[in-house]
Every structure is written in C-alpha cells, then in structure tokens.
Amino acid sequence: MSGSIKEILGASLDSALGEELRELKDKYLYRTLKNFEPIDAVHARFNGREVVLFSTNDYLGLSHDKRLIDAFTQEAKRSGVGAGASRLVSGTFDAHRELEAKIASFKGKDDAIVFSSGYAANVGTISALCSKNDLIIIDKLCHASIIDGSKFSGAELRVYPHKNLERLEELLGNSAKYRRTLVITDSVFSMDGDLAPLKEIVRLKNAHNAWLMVDEAHATGVFGEGGRGLAEAEGVEDEIDISMGTLSKACGLVGGFVAGSSTLIDYLKNKARSFIYSTAVPGAITRAAAGAFEIIEKDKALRTRLWSNIDLIRGELTRLGFRIGQTASPIIPLFVGDESETMEFAKALLDEGVFVPGIRPPTVPKGSSRLRISASAVHNGKDVEKLIGTFGKVAAAFQKRS
Ligand SMILES: *Cc1c(COP(=O)(O)O)cnc(C)c1O
C-alpha cells in the first residue's frame, strides 16, 4: 500500500516537472551542460576536437597563470584544499586576512570582506543592509544576484528602466518615507557589456541622501588606469559606499568581495548570512587571489592586450556588418533576437571550433537573444582570426538558407 502511494507521488513529481521541461524545449529555452576538457584559459576540447573559447569571464587569462597556480599549490600544501569551517568559527587564516587587506588597499577603502562567490556577496550584503522599512532601487538589467538579494531583504524594491536617470531621480524623490534607501547598479552590465552612468548616479544618490552599491564584477581588472574598475575610470571611487567585486572574472578564480568603510565590513561580518552560515573559501584561493590583484596592479601590458583584442574584434565584426553592442568592453553582444536562430547560430559556430554562448530568456528579455562574445588578453592573433572567419562563414551559410 505505502509502496503504491510512493509510486504515485513519484510519478506525479516527474510528470509535473517533465511537463515544464518539455515547455522549455518547445521554446528553445531548455538548457544542458556541455563538457569541456580544458587546455588553457581560452582553448578546450569539446567532443574530441579543439575549440577556441569566447565564452569565459577570464579576461586576463589568470585562471591558468603559472604564478597563481604556484601560489595556490603552496598554500594548499600549507592550509589544505578546504578551510574546514565558516570564517567566524575556525575558517579564517592569514591567507584570508591578507587578501582582504590587499583588496582594501587596492580599492582605496578601509577594509574588505571576502565571500565564497560573487553571488553570495551580493545576496548576503544586500539582505544584511536592508529590510522591511527600506527602499532598494536597481537598474532593470542588474545581475540576478542583486535581484535575489533585494527580494530576500524584504525591502520595497523599485526597478528603473536600463540606465534611465530620470526614472531613478523620480524614485529617489519618494525615498523620504523609508528608513534607508539603497541604490544598486552593475558598473559593466553582464549581458549587454555597456556601462552604468556612474557619475550621474553618484550625483543623484548624494542629492537624495541614499547609499550607493556598485557591482564591479566585470570591471575589476579591466577598467581604469589601475584596473580598479569603472568607478576609478569615472573618478568617483570615493563616492561608492559599497564597492562589490568578484574573484571569479578577471582574477580567474572564484569568490566575491565587498570593500568599504571598516564599520560596513564589521557590520557585514556580523549580519551577512551568506558569510556567517557558509564554509570559508579555501586559503589556497585567497592566496592566489592576492597574487591576481598584484598582477592587475603591476602588469598593465596584460590589460593593454585585452583592450587591443576588444578593439580588433569589434572593428572586424562591424566591418562584416554585424550588429554589436555600442559600448567597448570585454563583453561583445551580437544581437540576433529570435531564440531558436540564436541557438542554431551558436551551434554552427561550435561545429566550426569556436565557442560563443547563445544567451536567451530568462537571462535576457524575450526577443533579445544574442551571441555573447567575451574577449580575453590571452586570445592570440590566430584565435581572433578564427572567430572572425567563422562568423563570416556561418553568417553566409545562414543567409543562403533563408
Ligand atoms: C558574475 C556576476 C556575479 C556573480 O559572481 P560569481 O562570482 O560568479 O558568483 C555578480 N554580479 C555580476 C554583475 C556578475 O556578472
């Protein structure tokens, strides 16, 4: 008897979920994992053949940097491959505090706090800072982790159309009735590769006494003379109350961080649940990350190579007549629109040995599906040639077909 009830329940779970999965497949929104066998930061084998990756956020190729691998290995031998506990229990080693000191001095802030991912940093920080009687205002294209953190906080959430300052100002105009108001934006938007108008946002948040949190995930190591991010490039670093970044993009590792005043960092250590109730990121990671910031500070040539690849790819795609995003950043979106066409184009590229992911809803709004090219400093001339040549070839085949 109990066996048959279990069977019925089991079947109904699978049939309910299976139904939803079928709907995703019908809409070209079904996702599967692809297995890559890494060769280096931008090359891998896929189904037995070598492909060039234009898909990673490893903008400086640091995931395979020998100096960082050595630092990682040495620290792993010393403090293990896992930290064994959360940071507040026994999971804080000198490697963690040294990284936090490094990030603080790099960002020109009092202190910093490291989380196990950028996602955890955003969710933990936002939900610690705001609650029921507060107002959070975000850009429509903010990263999912910002949306999740905002919802999780229980604060009133208002979303302004992408980069629409008039609407932001209007929303700030209603902020007086809340206990506190937090404005949050990505500095480089992750799917469009365009930039937040930071100077204007700073002016507005100051005029309305709001706090400003900026997510520099894609800008750290990429923008600014010193590679400190878009706030540096725009000359507003001191105006950012809560400066968030990740170890997972240009740093080539995994983890997230927030830099700010010592009071802010102290507060987050006491209140951010994703920090408190989660195992510390391994010391080996933080040791390597300190090395990554060192490289970002000192090796400007690496950044120069990244930007010359960005310029080259943008120039060549434009010359071939492709419609790409208007802003120069390592994220180069090529707008297709239709979901199925985007995925077919991506598959045809992959068949030719070039991996560029197709991005579909719910990651981007319906009808704005795109190919998302990510440039890296370690793409060589041949890699870029292969990208451009393959785009030309696949586009020609698609044109003939239609
Ligand atoms: C990638 C990303 C995150 C999340 O960082 P992870 O380290 O991958 O968890 C947060 N914000 C933005 C804007 C991102 O692009």
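Readers should treat all values here as calculations from the given coordinates under stated rules, not as data from a laboratory. Please read these numbers as outputs of a predicted model, since none were measured by experiment. Cβ placement follows ideal geometry from the backbone for every residue including glycine, while neighbour counts extend to all protein chains displayed.
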Give me the base-10 log of I(q)/I(0) for the stretch 234-352 at each q in 0.21 Å⁻¹, Debye formula, one uniform scatterer per Cα, rounded to two decimals. -1.22
Determine, from the Cβ-Cβ distance of I39 and A176 and an R0 of 51 Å, the FRET efficiency 1/(1 + (r/R0)^6), rounded to the nearest 0.05. 0.35
Normalised radius of gyration for the stretch 56-181, please: alpha carbon Rg relative to 2.2 N^0.38 Å, two decimal places. 1.37
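Taking the Cα centre as origin and putting +1 on Lys and Arg beta-carbons and -1 on Asp and Glu beta-carbons, what dipole magnitude results for the chain, to the nearest 20 debye? The partial results should precede the final answer.
Numbers: 52 positive and 52 negative charges, 79 e Å.
Approximately 380 debye in magnitude.
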For the pair R203 and L157, how long in nm is the line joining their label points, each one 7 Å along Cα→Cβ? 3.0 nm
Quote the FRET efficiency, to the nearest 0.05, computed for S90 versus T263 with a Förster distance R0 of 22 Å and r equal to the Cβ-Cβ distance. 0.30
For a quick check, take a GNM of the chain with Cα springs below 10 Å and name the residue from H208, H43, H143 with the largest mean-square fluctuation. H208
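Take the alpha carbon gyration tensor of the stretch 327-402, find the square roots of its eigenvalues, order them as a ≥ b ≥ c, and report rounded if a/c is under 1.5; if not, report prolate when a/b exceeds b/c, else oblate.
Working: a/c = 2.14, a/b = 1.17, b/c = 1.82.
Cα axes put the stretch 327-402 in the oblate bin.
Ranking request for peptides 106-116, 229-239, 285-295: highest mean number of other beta-carbon atoms within 10 Å first, then the rest in descending order.
Working: 106-116: 21.8, 229-239: 20.0, 285-295: 24.9.
Most protected by this proxy first, the peptides run 285-295, 106-116, 229-239.
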Where in the stretch 195-237 does the label zone of Q326 land, with the point 7 angstrom along Cα→C-beta and an amide N cut-off under 16 Å? 195-198
With the crude spin-label approximation of a point 7 Å out along Cα→Cβ, what separation in nm comes out for E98 versus L13? 4.6 nm
Using every alpha carbon pair in the stretch 235-296, what percent of pairs falls into each 5 Å bin from 0 up to the bin containing the largest distance? 4, 15, 22, 23, 23, 11, 2, 0
Kindly put C251, C142, C130 in sequence by how many other C-beta atoms sit within 10 Å of each C-beta, fewest to most. C142, C130, C251
State the answer as a single residue: which of I313, I103, L350 lies farthest towards the positive end of the charge dipole of the chain, with beta carbon charges of +1 for Lys and Arg and -1 for Asp and Glu, about the Cα centre. L350
If each of T318 and E20 carries a label point 7 Å out from its Cα toward its Cβ, how far apart are those two points in nm? 4.3 nm
Under the rule rounded for a/c under 1.5, else prolate if a/b exceeds b/c, else oblate, using alpha carbon gyration tensor axes a ≥ b ≥ c, the stretch 117-213 is classed as oblate
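Could you check how many percent of all C-alpha pairs in the chain are farther apart than 27 Å? Please report the intermediate quantities before stating the final value.
Values: 44035 of 80601 pairs.
Result for the distance tail: 55 percent.
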Which of the three applies to the stretch 84-137, rounded, prolate or oblate, going by the alpha-carbon gyration tensor with a ≥ b ≥ c and a/c under 1.5 meaning rounded? oblate
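Take the eigenvalues of the Cα gyration tensor for the stretch 160-286, scale each by 5, and report the square roots as semi-axes in whole Å, largest first. Each step should come with its number before you reach the end.
On the way: eigenvalues 131, 77, 32 Å².
Equivalent ellipsoid semi-axes, largest first: 26, 20, 13 Å.
Which order do T125, T342, T263 fall in if you start with the one that has the fewest other Cβ atoms within 10 Å? It would help to have the intermediate numbers written out before the result.
Working: T125 33, T342 24, T263 10.
The order, fewest Cβ neighbours first, is T263, T342, T125.
Sort R372, R167 so the one with the fewest other Cβ atoms within 10 Å of its own Cβ comes first. Intermediate results must be reported in sequence, preceding the final value.
On the way: R372 24, R167 17.
Fewest-to-most Cβ neighbours within 10 Å comes out as R167, R372.
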